[in-house]
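The values are calculated or read from the model by the stated rules, or taken from the named source; none is laboratory data. In this text, all values refer to a predicted model and were calculated from it rather than measured experimentally. These area figures cover heavy atoms from the full protein model, side chains too; ligands, DNA and RNA do not enter into them. Shrake-Rupley method; radii C 1.70, N 1.55, O 1.52, S 1.80 Å.
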Amino acid sequence: MGCLVSALWETEFPTASAIVADIISIISNKKDLAVNYDDKNIKILSKDEIQGDYYVRLKIKNSSDALVNITDLLSGKNIKISSITENKINEDDTALLFTIRDIGFSSLSFALNELKSLSQVYEIENIIKIENYEA
């Protein structure tokens, strides 16, 4: 095998097909699982209980007060912004990408709905959950 293929082949992480097979086994309620699974102790979290980090991408008006109004609104709700990046799309529009740390999904949704009401926010283009894996 080539060096790259060999390195990928020997990875310590499960393959996507192995993960899908485990999920199908769990859904099918099979008892001979390759993963440890105890259906008596499972708790499905509500949206209020899900804490995490998120990337958010907005399309906003290209003006300095737009950024000020957005950060004021978020900081007023005790939302922790860890990074902000602005990319000018054209003379009038800017893409604003920011990372929010340690927030409940419901709190994030509520804040983003308020952001939509700002005249400088044209669109919430994307919200991506950041998965943190510990080895």
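What figure, in Å² to the nearest 10, do you get for the accessible area of residue 80 with a 1.4 Å probe and non-protein molecules left out?
Number for this one is 110 Å².
So with the 1.4 Å probe, I'd like the accessible area per residue for the stretch 91-135, rounded to whole Å².
In whole numbers, the stretch 91-135 has 61 Å² accessible per residue.
Run the accessible area of the stretch 72-112 with a 1.4 Å probe and give the carbon-and-sulfur part as a rounded percent.
Roughly 47 percent, rounded to a whole number.
So which lysines pass the test for residue 88, namely a Cα distance under 29 Å, with those fewer than 8 places away in the same chain ruled out?
Qualifying lysines at Cα under 29 Å: 59, 61, 77, 80, 116, 129.
Among rounded, prolate and oblate, which fits the stretch 79-135 when a ≥ b ≥ c are the square roots of the eigenvalues of its C-alpha gyration tensor, a/c under 1.5 means rounded, and a/b larger than b/c means prolate?
Cα axes put the stretch 79-135 in the oblate bin.
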